[in-house]
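Some notes on the structure that comes next.
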């Protein structure tokens, strides 16, 4: 009960106090067909795309653009933000504007690019990091 009240408050504090960062997002003006190819490439080459699968925390909005943004950013962060890892044949670009949305924080640094979804873990302590700040910890049953 206390966790259900405390966790949203900690999340709100983390969101309002987050630091600057660098993200990779899909460019505007690119067709969904091309973005789908970019999404497929990023997911096939090392991005963590589990959160954008159906019932994942970042599945909604269920659009090619939203899923593409998540995938290219995951790829970019997992590659350590190395030069050239946010190009995807000209379909993506680096931004300093946080593209995260409610329920789906996109990592801003390579250090925090690991995604752990709570429904995949059972009976373990989980410490959730968001832009370097701890915003949740607890035992999941």
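Of note:
Residue-by-condition table, conditions (1) touching a helix residue (DSSP H, G or I) at 6+ places or on another chain (Cβ under 6 Å); (2) farther than 20 Å from residue 80 by Cβ; (3) modelled with pLDDT under 95; (4) assigned to a loop (DSSP other than H, G, I, E, B):
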| residue | (1), (2), (3), (4) |
| --- | --- |
| 20 | no, no, yes, yes |
| 24 | yes, no, no, no |
| 30 | no, yes, no, yes |
| 35 | yes, yes, no, no |
| 40 | no, yes, no, no |
| 58 | yes, yes, no, yes |
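- Out of 66, 71, 93, one residue alone is touching a helix residue (DSSP H, G or I) at 6+ places or on another chain (Cβ under 7 Å) and modelled with pLDDT of 95 or more. It is 71.
- Pick from region 71-97, criterion surrounded by fewer than 18 Cβ atoms within 10 Å (Cβ to Cβ) and touching a residue at least 60 places away in the same chain (Cβ under 8 Å), ranking: nearest to residue 40 (Cα to Cα): 90
The values are calculated or read from the model by the stated rules, or taken from the named source; none is laboratory data. Just so you know, these numbers come straight off a predicted model, no measurement behind them. Heads up, the Cβs are rebuilt from the backbone with ideal geometry, glycines too, and the neighbour counts pull from every protein chain shown.
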